[in-house]
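Enquirer: Have a look at this one before I ask anything.
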There are 2 protein chains.
Amino acid sequence: MVGYDEAVYREVLGKAVSNIEEINKAVDEICDQGYKNLYLMGSGGTYSMASPVTYLLKTHSTIPWNWEIAAELIKAKPLSLNADSVVITASLSGTTTETIEAARYAQSVGAKVIALVGEDGCPLAECADYVFENPNASNDNLVEEIYIQYFAIAARFMRNNGEFPEYDEFVSALRKMPEVLQAVREQQDETALAFATAHKDTPFHMCVGSGNVWGETYCFAMCVLEEMQWIATKSIHAAEFFHGTIEMTDPDMSFMLFKSEDETRSLVDRVERFVRQHTDKVQVWDTKAFELDGIDPKIRPLVSPLVMSAMLERVSTHFSIVRDHDLDIRRYYRVVEY
Amino acid sequence: MVGYDEAVYREVLGKAVSNIEEINKAVDEICDQGYKNLYLMGSGGTYSMASPVTYLLKTHSTIPWNWEIAAELIKAKPLSLNADSVVITASLSGTTTETIEAARYAQSVGAKVIALVGEDGCPLAECADYVFENPNASNDNLVEEIYIQYFAIAARFMRNNGEFPEYDEFVSALRKMPEVLQAVREQQDETALAFATAHKDTPFHMCVGSGNVWGETYCFAMCVLEEMQWIATKSIHAAEFFHGTIEMTDPDMSFMLFKSEDETRSLVDRVERFVRQHTDKVQVWDTKAFELDGIDPKIRPLVSPLVMSAMLERVSTHFSIVRDHDLDIRRYYRVVEY
């Protein structure tokens, strides 16, 4: 497959899986000491990657959690973020200013910080109590390696809280992800190329998703199409679409629908039924189209975000090639002062 | 002022204020019986109107809260939503299907439901334990009347939880809102007309806000510009702007920046500094420009969402007149089947 190094992909996801042992020890230690709530915190990509974790906690746990944008957390100083809190965050470079500052603030009020980073010793690692590193991670494989670890962390908290009976099967599924997601990328490659070719010059995409792939919807729109391809988007939750954005539906509008196998799938089905009556430009990214060898049917919905991410990486890469627009080019971010 | 009936506005806001007595009794009763968490729930406009309440709870309270889209709540069935929960919701017509269904689900698991509605006896009122009605409320005055009551509810829970020392002053400020917001509308009228005239044919607006006016940002983009004017938008949180959407900045892009007086104001200042270097089309909606007679300086930031809403109503109305596009016209919503 173009724009993709399978050996590195397997290695990085394998490292994420092998971190699970240490993750369990860290979480067990925190649970022994006691805590009251979790804060999922990040900036842009790492903010959106926390979304499926919040969905897992919402649907399978009673642990109180909060989902925060780093730069806002620093200003808002949430009153429930204190010495009884655990902050879970990530930064590939470990140099994202707002994320570092938010982690430092969290530590200053006595919260414990768990950080996923590229290299240990990076600035974010300096203000974390528990650090899990993955040295060869890059933008090509980042999301899935972070999902594996984020999910392993949250699942362990849930198990230790006497809930989430699916724990063992879920973690076993996470361990299979390097193999499973490689197959997803292979199966998705042709579809992704066809889509990128057909939409080479499409100026705007309306992205609609829900549940545990809402983060993927938001992230693909903002961090891939806008940031890496300079293509305009709007992302809207499928549960909100009918309460405003529906009026923008137009025969010329391109819709990308992000469909998970979780409980909220029917919300996107409903949007699909509607938009298909009004435009031919509808692309459904559906995790259900993939075999996921060895993954139990009842666990499949829980890993939909990982599958979606692997699917979308192929779309990003083909867009960058077909449009001759490298994914690393920026006009402003870390280029100009602001 | 055009498109606006001052007498009705004062009456509807006055009714919201006069509901505070009964709101206090209801909340006191719930607190006496005990509860563990709050769910702010709605669809579209009423979902976004809960946003400043979540921000108030985040910054001034330790009560666990959750913010839910009605249609997703029904599917996801949050595990923490149970007999120890209080659901706070609203629907002007009282007929929003998803909101009704979510309220019914909440009651089925034993949660208490507080609903703000137009007319008592509407379908939503049938599945609520506490109902506060405001018969003459309409789209022209809806947001502020809901804010007054939402804030009064949340503030009472916080006071009864032994926190929010600003309670008395805050409620006293809410009581002054009919007078204060009328003055805001008058002062804003000319600016709003000038903006609507200048942007009569602008095809797209990038809306950026934060903190307690994030809900206004999201809502103005989706429920006013998209739904009521069919003008394309994207709304993005100021804390996220620099992590992707920044790359779309262009000399031709119109930016609307929504500036509150809360702790996150500097996040929008930062976006403003950046975009002013790249485009001349920057409109800042700033609550600070208004006098707010009788409101204590330290309470001002807490009522920014109300001020912003009053400011934006003028913009909506002038857009509808200048563009000859009535705010009630819909292509699809409640017009076609879906």
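Enquirer: Select from the range A:219-235 the residues that are facing another protein chain (nearest Cβ under 7 Å) and assigned to a helix (DSSP H, G or I) and list them in ascending order.
Expert: Within the range A:219-235, A:Met222, A:Cys223, A:Glu226, A:Glu227 meet the criteria.
Enquirer: When you go through (1) under 18 Å from the mean Cα position of the chain (by Cα); (2) under 26 Å from A:Ile329 (Cα atoms) one by one for B:Phe220, which number turns out not to apply?
Expert: If we test B:Phe220 against (1) under 18 Å from the mean Cα position of the chain (by Cα); (2) under 26 Å from A:Ile329 (Cα atoms), just (2) comes out false.
Enquirer: Considering only the range A:294-326, state which residues are open to solvent by less than 30 Å² (accessible area, probe 1.4 Å) and among the aliphatic types (A, V, I, L, M).
Expert: A:Ile295, A:Ile299, A:Leu302, A:Val303, A:Leu306, A:Val307, A:Met308, A:Ala310, A:Met311, A:Leu312, A:Val315
Enquirer: Moving on. Need the failing condition index for B:Asp32 against (1) more than 22 Å from B:Glu126 (Cα to Cα); (2) open to solvent by less than 50 Å² (accessible area, probe 1.4 Å), just the number.
Expert: Exception for B:Asp32: condition (2).
Enquirer: In addition: Report, by residue number, each residue of the range B:128-142 that is of a type in the set (A, V, I, L, M) and closer than 20 Å to B:Glu101 by Cβ.
Expert: Passing the criteria: B:Ala128, B:Val131.
Enquirer: Take the range A:322-333 and flag every residue that is under 23 Å from the mean Cα position of the chain (by Cα) and of a type in the set (A, V, I, L, M, F, W, C).
Expert: Within the range A:322-333, A:Leu327, A:Ile329 meet the criteria.
Enquirer: Scan the range A:249-295 residue by residue and report those that are assigned to a loop (DSSP other than H, G, I, E, B), over 24 Å from B:Val336 (Cα atoms) and either charged (D, E, K, R) or touching a Lys or Arg at 6+ places or on another chain (Cβ under 7 Å) (or both).
Expert: Result: A:Glu261, A:Asp262, A:Glu263, A:Glu291, A:Leu292, A:Asp293, A:Gly294, A:Ile295.
Enquirer: Pull up the range A:204-242, narrow it to residues that are of a type in the set (S, T, N, Q) and within 24 Å of A:Leu327 (Cα to Cα), then point me to the one that is most open to solvent (accessible area, probe 1.4 Å).
Expert: Only one residue tops the list, namely A:Ser235.
Enquirer: Looking at the structure I just gave you, is A:Val336 more than 20 Å from the chain's Cα centre (by Cα) and not assigned by TED's automatic domain parsing to the domain that holds A:Ala196? Quick ask: steps written out before the conclusion?
Expert: Values: more than 20 Å from the chain's Cα centre (by Cα): yes; not assigned by TED's automatic domain parsing to the domain that holds A:Ala196: yes.
Considered against the rule, which asks whether it is more than 20 Å from the chain's Cα centre (by Cα) and not assigned by TED's automatic domain parsing to the domain that holds A:Ala196, A:Val336 comes out as yes.
Enquirer: Further question: Take the residues in the range A:133-151 that are surrounded by 24 or more Cβ atoms within 10 Å (Cβ to Cβ) and over 16 Å from A:Val307 (Cα atoms), then tell me which one is nearest to the chain's Cα centre (by Cα).
Expert: A:Ala137
Enquirer: Hey, another quick one. B:Asn136 is checked against (1) over 12 Å from B:Ile88 (Cβ atoms); (2) touching a Gly at 6+ places or on another chain (Cβ under 9 Å); (3) in a helix (DSSP H, G or I) and fails just one. What number does that condition carry?
Expert: It is condition (3) that B:Asn136 fails.
Enquirer: Which of the residues belonging to the range A:243-261 are more than 7 Å from chain B (Cβ to nearest Cβ) and either touching a residue at least 40 places away in the same chain (Cβ under 8 Å) or open to solvent by less than 10 Å² (accessible area, probe 1.4 Å) (or both)?
Expert: Correct list: A:Met253, A:Ser254, A:Phe255, A:Met256, A:Leu257, A:Phe258, A:Lys259, A:Ser260, A:Glu261.
Enquirer: Do you know which of the residues in the range A:263-311 that are of a type in the set (Val, Ile, Thr) and touching a Gly at 6+ places or on another chain (Cβ under 8 Å) is farthest from A:Ile146 (Cα to Cα)?
Expert: Only one residue fits best here, namely A:Val268.
Enquirer: OK, next. Looking at B:Val275, B:Val315, B:Val303, B:Val213, which one is within 11 Å of chain A (Cβ to nearest Cβ) and at pLDDT 95 or above?
Expert: Going through B:Val275, B:Val315, B:Val303, B:Val213 in turn, just one is within 11 Å of chain A (Cβ to nearest Cβ) and at pLDDT 95 or above: B:Val275.
Enquirer: Inspect all residues belonging to the range B:304-315 and state whether any of them is in contact with an Asp or Glu (Cβ under 8 Å, 6 or more places away or on another chain) and part of a loop (DSSP other than H, G, I, E, B). Quick ask: steps written out before the conclusion?
Expert: Narrowing the range B:304-315 to residues in contact with an Asp or Glu (Cβ under 8 Å, 6 or more places away or on another chain): B:304-306, B:308-310, B:312-314.
Subsequent filtering for residues that are part of a loop (DSSP other than H, G, I, E, B) retains none.
No, the conditions are met nowhere in the range B:304-315.
Enquirer: Let me ask another. Among the residues of the range A:95-103, is there at least one that is over 18 Å from A:Arg334 (Cβ atoms), open to solvent by less than 20 Å² (accessible area, probe 1.4 Å) and of a type in the set (A, V, I, L, M, F, W, C)?
Expert: Yes; the residues of the range A:95-103 include at least one that is over 18 Å from A:Arg334 (Cβ atoms), open to solvent by less than 20 Å² (accessible area, probe 1.4 Å) and of a type in the set (A, V, I, L, M, F, W, C).
Enquirer: Could you please tell me which pairs satisfy a Cβ distance under 7 Å, a separation of 6+ or placement on different chains, a first residue in the range B:262-278 that is assigned by TED's automatic domain parsing to the domain that holds B:Gly244 and surrounded by fewer than 23 Cβ atoms within 10 Å (Cβ to Cβ), and a second residue that is part of a helix (DSSP H, G or I) and basic (Lys, Arg)?
Expert: Taking only residues 6 or more apart or on different chains, the pairs are B:Glu263/A:Lys75; B:Ser266/A:Lys75.
Enquirer: Quick test of your reading of the structure: B:Leu181 fulfils all but one of (1) surrounded by fewer than 21 Cβ atoms within 10 Å (Cβ to Cβ); (2) more than 14 Å from chain A (Cβ to nearest Cβ). Name the failing condition by number.
Expert: Unmet for B:Leu181, out of (1) surrounded by fewer than 21 Cβ atoms within 10 Å (Cβ to Cβ); (2) more than 14 Å from chain A (Cβ to nearest Cβ): (1).
Enquirer: Which of the residues belonging to the range B:44-93 are more than 16 Å from the chain's Cα centre (by Cα), more than 10 Å from every other protein chain (Cβ to nearest Cβ) and crowded, with 24+ Cβ neighbours inside 10 Å?
Expert: B:Val86, B:Val87
Enquirer: Which of the residues spanning the range A:155-204 are of a type in the set (D, E, K, R), within 23 Å of A:Asp296 (Cα to Cα) and assigned to a helix (DSSP H, G or I)?
Expert: The answer is A:Arg156, A:Arg159, A:Asp168, A:Glu169, A:Arg175, A:Glu179, A:Arg185, A:Glu186.
Enquirer: Find all pairs meeting these conditions: Cβ atoms under 6 angstrom apart; at least six residues apart or on different chains; first residue within the range B:179-200 and outside the structural domain of B:Leu292 (by TED's automatic domain parsing); second residue open to solvent by less than 10 Å² (accessible area, probe 1.4 Å) and in a helix (DSSP H, G or I).
Expert: From residues that are outside the structural domain of B:Leu292 (by TED's automatic domain parsing), there are no pairs.
The values are calculated or read from the model by the stated rules, or taken from the named source; none is laboratory data. Remember, predicted model here, so these are calculated numbers, not experimental data. Because the Cβ atoms are built from the backbone with ideal geometry, glycine has one as well, and the counts that use them run over all protein chains shown. The protein model used for the area step is the full one, side chains on, heavy atoms only, and it has no ligands, DNA or RNA in it. Shrake-Rupley method; radii C 1.70, N 1.55, O 1.52, S 1.80 Å.
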